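The structure under discussion appears below in the form of structure tokens.
The values are calculated or read from the model by the stated rules, or taken from the named source; none is laboratory data. Quick caveat: nothing in here was measured; it's all calculated off a predicted structure. Please note: Cβ atoms are built from the backbone with ideal geometry, for glycine as well, and neighbour counts cover all protein chains shown. Only protein heavy atoms, including side chains, enter the accessible area calculation; ligands, DNA and RNA are left aside. Shrake-Rupley method; radii C 1.70, N 1.55, O 1.52, S 1.80 Å.
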Amino acid sequence: MLIEIAAAEGTAEALLVRPSSGDGEFPGVVFYMDAFGVRPRIEEMAQRIADWGYVVLVPNVFYREGSIAELAPAGDMTTTEGREAAGKDAFPRVGRLTSDKALPDIQAWVTAIAGLDGVAPGPIGTTGYCMGARLAVRTATSHPQLVAACGGFHGGGLATDAPDSPHLGLPDARARFVFGHADHDPSMAPEAVARLGAALDDAGLKASNEIYAGAPHGYSMADTSAYHPQATERHFEELRALLEDTLKG
């Protein structure tokens, strides 16, 4: 179902996904989509996570640009040409979502999920894909007392030379991290992966920071030409273990 959240600069839609069965309260997870927005593939992924026993919130982080329906890809992204065509609209939105805009919104997302019926009190998890991995890390570093688990998959720009690079906030975090990087990814080159790993180590954080061999950027998105089934299943296995160990252990 779709709900509305009072975000920093207006009302944002968010997809709210609950377990298909079971009663009671469940830990909360904030799920950050990739550049192509909230769409059926994202709902499928969120439902799979929810069915492990979580309440999953997927905010439309591009609410300043339009509604979920307005921003949804119109064409077939399962071809390279189709994915590139969709990216002409989607990728510029990523650049406009700067950290000074993202951080107040993150406050809105975590406040919203904590106040939802059926969400257990206590720590939450977060997971993000492509640019959403940056938002997941920023959520963990800006809310260390709340976020116990952070997953980032085929993320880009996690450890750069920019003064607001996400990795620079890791000394403030307390979460356990799992990263599954795409292979040969220009947005997260091996040296950036190494820099991220060093920052995790220096912060004393429990983390996995792996490159998935042969998996392209965007590997978990089954509605695009980047889909890699083996890497996708590996990511689900590692994410499930992360959430269970931190939120249910």
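Data table
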{"item": "Hits in region 60-69 (condition: farther than 16 Å from residue 132 by Cβ and either over 21 Å from the mean Cα position of the chain (by Cα) or open to solvent by less than 30 Å² (accessible area, probe 1.4 Å) (or both))", "result": "66"}
{"item": "Selected residue (criterion: nearest to residue 175 (Cα to Cα)) from residues of region 203-231 that are assigned to a helix (DSSP H, G or I) and in contact with a strand residue (DSSP E or B) (Cβ under 9 Å, 6 or more places away or on another chain)", "result": "231"}
{"item": "Hey, residue 93 of a type in the set (Lys, Arg), touching a Pro at 6+ places or on another chain (Cβ under 7 Å) and touching a residue at least 12 places away in the same chain (Cβ under 8 Å) or not", "result": "no"}
{"item": "Count of region 152-165 residues which are buried (at least 22 other Cβ atoms within 10 Å of the Cβ) and free of Cβ contacts under 8 Å to residues at least 40 places away in the same chain", "result": "3"}
{"item": "Count of residues meeting criterion [over 21 Å from residue 94 (Cα atoms), open to solvent by 10 Å² or more (accessible area, probe 1.4 Å) and either aromatic (Phe, Trp, Tyr) or at pLDDT 95 or above (or both)] in region 17-46", "result": "7"}
{"item": "In region 143-202, the residues that are farther than 27 Å from residue 108 by Cα and in a loop (DSSP other than H, G, I, E, B)", "result": "161, 183, 184, 185, 186, 187, 188, 189"}
{"item": "The listed residue being of a type in the set (A, V, I, L, M) and under 12 Å from the mean Cα position of the chain (by Cα), out of 173, 162, 189, 136", "result": "136"}
